[in-house]
Amino acid sequence: MSRAHALPTPPEAGESVRPLTISERARAAAVPADHRPATDYLSGLNAEQRQAVETTEGPVLVLAGAGTGKTRVLTTRIAHLIATGLAWPSGILAVTFTNKAAREMKERVAHLVGPAGEGMPWLGTFHAIGTKILRRHAELVGLRSDFTILGVDDQLRLLKQVITAENIDEKRWPARQLASFIDGWKNRGLTPKDVPPGEAAAFANGRGTGLYQAYQDRLKTLNAVDFGDLLLECLRLWRENPDVLEQYQQRFRYMLVDEYQDTNVAQYLWLRLLAQARKNVCCVGDDDQSIYGWRGAEVDNILRFDHDFPGAVVIRLERNYRSTAHILSAASGLIAKNKDRLGKTLRTDDEPGERVSVTGAWDSEEEARQIGEEIEALHSRKENLSEVAVLVRISAQMREIEDRFVTLGLPYRVIGGPRFYERAEIRDALAYLRATAQPADDLAFERIVNTPKRGLGDAAVALLHAHARRARVPLMQAARYLVESDEMKPAPRRSLRSLMAQFDRWRTAMEKTPHHELAQTILEESGYTDMWAKEKSADAQGRLENLKELVRSMEEFPDLPAFLEHISLVMDANEDGDQERVSLMTLHAAKGLEFETVFLPGWEEGLFPSQRALDENGRAGLEEERRLAHVGLTRAKRRAHIYFASNRRIHGLWNATIPSRFIDELPEENVEVREAPAAYSGRTASRFEGMTPFASSYQTPGWQRAQARAAEAARDPDNDWRGGGGFSENGSGFAGPFQAGRRGPGGRGRPSPQLIEGEVLAKSTGSPSPYEIGARVLHLKFGPGTVAAIDGNKLTVDFDKAGRKMVLDSFVDANG
DNA sequence: CATTCGAAATTTTTT
DNA sequence: ATTTCGAATG
């Protein structure tokens, strides 16, 4: 390809970038025709996409619905800016949220533009770019350029120290809680001075702000920052040094932001400062896929874009290239129930395809069985298992499904979970390296001083701290002193001496040993690998392998500091991508992915939408849950299967559940209500025929019939409720998704749920139930009980043994 | 100081 | 049910 020929030469790395002069631009345009940058990269785009690529000047908001080619627009836009000579790669700022997204974008740009695009030094996550900027100007914000970036666990340990140092009872005011307060403040761009007094009062009787300040002071002393600081300190840097800000405003001629709906206030301020000068900012996002409100994302940022950037061009990408018409309409119909949205209408030219199926199961175990069977059927039809995903609302749902996959022998992989670099063994190993390379890294030293156990417990650490504070020296230096003095008892003293000797040896070895070999040596000599080798728990083996992988990955870096920098921001477990596997993940983890077939279990009130989201955030919470449902559905290219169970075990006890309101909200014409598979459906449930539909939107109460069948199936003698014996014996009220609202005044814990503008827990029909208050009924799982209240076809029953639960009337029998 | 037993908590997750 | 955390115990 000759695309790269006419590109301007990228400036040397580190060279400060100035805008192209007019003559340079003219020169670029005057290149002979056959050497002119190829524009064929534009040819595959539709009109809107093309507009989004070619509207290079001024603020642009691209509202890109699911599957509308968002990433393609972003990468093509970058290619376009480079190919037309409007900017050098180093003059473009492109921010993403995850390292994965950044990596993908880099690859795709390189593919479009060729070697010339490889530069892209400013393509990365907010945090990675923030780090890069801060390292250059560290001294202006009171840091040294080799500052450490704290992970969550380091942060917690530090907070614990701060709380204790302030003489606050750490048990009453846990570090975790303070961490989430501080996180929230940092997300909103608030320094200790900016925190509204009312909010600080919520922690430790109003001492929240002081603790926040003390924590920040400690960080400075340690020459460390946490993730939030990577953005906040940039803000401070720019505000206090307008010349520095201007330097970056000049440098970044064009700015692009991916997943704009996920930006928090701090990120928004960060962007706005940069964009103020040139205003060539292009934000791509989808308000309907905003699912991170709970961690500080502000949908408002996207809803108010044209207000914040006057004259903004808003481009809607509404043509979906991913899903069939039925799936798309189902998802659109659902999301249309949200009020706070900019509004898009997704359309497709794809065939209608299969309807979205909705299947009721008796309980979550049967739900897992049905999913397993369906996947086996797909597999025997030669469908690729890598194109199949099961998306759950909460991780706790995974276990049952995994269990089923294991017994069926279905290969699967779990996506998400703790990141590689968050794992304890990796953090420990890194702490050893940090403590070796940076003797003043107190946090690292403290982390491993007694890991593996070497008799240096709380008492010894307290002594170290006391001396370190008294002499104002790092812990390591305090240790050297204590080894020589007799303030420490002989046993720990001997242990500490040998540890210090080891560190000395490693530090000497650092001069001449390749860093990955040194790491290997440290892990062995310290007894760390032995510690895991001796542990006989199931995951010990995996941890050892992670450590090996860590050492192996170090080889790719020139030296230890380079590696430490990399690891503090990035580090992914390597994928064993050889075998075809079903993917299992949370809905959150699924954003941005797509699969031929998607299974969506657990669509039940309380679980999805999550009761907690409703209780804590009211209508906004409900809408975020609905967006989550929308994200789930739009992951599917050809087949989407929704499931709900009528009974689910929550925290160990069984709970009756009712179908999610989201099921009712799906347009009827795009949904196929499934019967339970033959093996589990028993006789025809004639007595349920003609019964009032649960949801008024259904002409035929099809899913209810399916449910009834499932109930019949479960009625076989082997499944007798008395045999199961799984329900709560305490009768202390029901412990499920519905408990919060129905608890008596004596109930502890959660606040009452908010009723959301007439949207009750689930729609009810208002049609009379065949039962009356006071009637005795028999439930398969909960046994006998008395009807306490009736709401349409939903009964509130006081079960003799299982306490009060809400059940569908079709699940109980009259028990005269 | 380490181990062990019992009570309490238990969404979603990136950097 | 399971895991995690803290206090009592050896």
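The values are calculated or read from the model by the stated rules, or taken from the named source; none is laboratory data. These numbers were taken from a predicted model, which means no experiment stands behind them. When we count neighbours, we look across all protein chains shown, and the Cβ atoms used for this are built from the backbone with ideal geometry, even at glycine.
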query: Where residues in the range A:244-286 are part of a helix (DSSP H, G or I) and in contact with a strand residue (DSSP E or B) (Cβ under 7 Å, 6 or more places away or on another chain), which of them is surrounded by the most Cβ atoms within 10 Å (Cβ to Cβ)?
result: A:260
query: Does the range A:492-505 contain at least one residue that is within 40 Å of the chain's Cα centre (by Cα) and at pLDDT below 90?
result: no
- line: Flagged in the range A:395-417 as away from DNA strand B (no atom under 16 Å from the Cβ) and on the phi > 0 side of the Ramachandran plot, in numbering order, are A:409
message: Please go through the range A:332-364 and give me each residue that is of a type in the set (A, V, I, L, M, F, W, C) and closer than 30 Å to residue A:55 by Cα, ordered by number.
response: A:335, A:336, A:342, A:346
Among (1) surrounded by fewer than 18 Cβ atoms within 10 Å (Cβ to Cβ); (2) touching a residue at least 60 places away in the same chain (Cβ under 8 Å); (3) under 22 Å from residue A:96 (Cβ atoms), the one test that residue A:240 misses: (3)
query: Residues of the range A:462-494 being within 16 Å of DNA strand C (Cβ to nearest atom) and crowded, with 16+ Cβ neighbours inside 10 Å, which ones?
result: A:492
field: Every residue from the range A:403-423 that is touching a residue at least 60 places away in the same chain (Cβ under 8 Å), within 13 Å of DNA strand C (Cβ to nearest atom) and either surrounded by 14 or more Cβ atoms within 10 Å (Cβ to Cβ) or within 23 Å of residue A:366 (Cα to Cα) (or both)
entry: A:423
query: Residue check: is residue A:205 within 14 Å of DNA strand B (Cβ to nearest atom) and modelled with pLDDT under 95?
result: no
- request: Could you tell me whether residue A:365 is assigned to a loop (DSSP other than H, G, I, E, B), surrounded by fewer than 22 Cβ atoms within 10 Å (Cβ to Cβ) and either under 28 Å from the mean Cα position of the chain (by Cα) or in contact (Cβ under 8 Å) with a residue 24 or more places away in the chain (or both)?
  value: no
task: Give the residue, chosen from A:172, A:188, A:135, that is touching a Ser or Thr at 6+ places or on another chain (Cβ under 6 Å) and over 19 Å from residue A:427 (Cβ atoms).
output: A:135
- prompt: Is there any pair with a first residue in the range A:636-653 that is in the same structural domain as residue A:370 (by the TED database) and of a type in the set (Val, Ile, Thr) and a second that is assigned to a loop (DSSP other than H, G, I, E, B) and within 16 Å of DNA strand C (Cβ to nearest atom) whose Cβ atoms are under 8 Å apart and which are 6 or more apart or on different chains, and what are they?
  reply: A:650/A:735; A:650/A:736; A:650/A:737
Test: residue in the range A:425-445 that is part of a helix (DSSP H, G or I), surrounded by fewer than 18 Cβ atoms within 10 Å (Cβ to Cβ) and at pLDDT 90 or above: no
- prompt: In the set A:315, A:291, which member is closer than 25 Å to residue A:123 by Cβ, among the β-branched types (Val, Ile, Thr), touching a residue at least 40 places away in the same chain (Cβ under 8 Å) and assigned to a loop (DSSP other than H, G, I, E, B)?
  reply: A:291
message: Looking at the range A:317-340 only, could you name the residues that are under 16 Å from residue A:261 (Cβ atoms) and buried (at least 20 other Cβ atoms within 10 Å of the Cβ)?
response: A:317, A:335
message: Can you list residue pairs whose Cβ atoms sit under 8 Å apart, with the first residue in the range A:380-402 being assigned to a loop (DSSP other than H, G, I, E, B) and the second being within 16 Å of DNA strand C (Cβ to nearest atom)? Count only pairs 6 or more apart in sequence or on different chains.
response: A:393/A:607; A:394/A:607
- prompt: Hey, any hits in the range A:131-138 for a residue that's hydrophobic (A, V, I, L, M, F, W, C), within 16 Å of DNA strand B (Cβ to nearest atom) and in a helix (DSSP H, G or I)?
  reply: yes
query: In the range A:56-107, how many are within 16 Å of DNA strand B (Cβ to nearest atom) and surrounded by fewer than 23 Cβ atoms within 10 Å (Cβ to Cβ)?
result: 12
query: Do we find that residue A:125 is within 28 Å of residue A:439 (Cα to Cα), within 15 Å of DNA strand B (Cβ to nearest atom), among the polar types (S, T, N, Q) and crowded, with 20+ Cβ neighbours inside 10 Å in this structure?
result: no
- request: Please work out which one of (1) in contact with a helix residue (DSSP H, G or I) (Cβ under 7 Å, 6 or more places away or on another chain); (2) among the aromatic types (Phe, Trp, Tyr); (3) within 16 Å of DNA strand C (Cβ to nearest atom) is the condition residue A:654 fails and give its number.
  value: (1)
- request: State all residues of the range A:165-183 that are without any contact (Cβ under 8 Å) to a residue 40 or more places away in the chain, away from DNA strand B (no atom under 12 Å from the Cβ) and touching a Leu at 6+ places or on another chain (Cβ under 8 Å); if no residue qualifies, say none.
  value: A:175, A:178
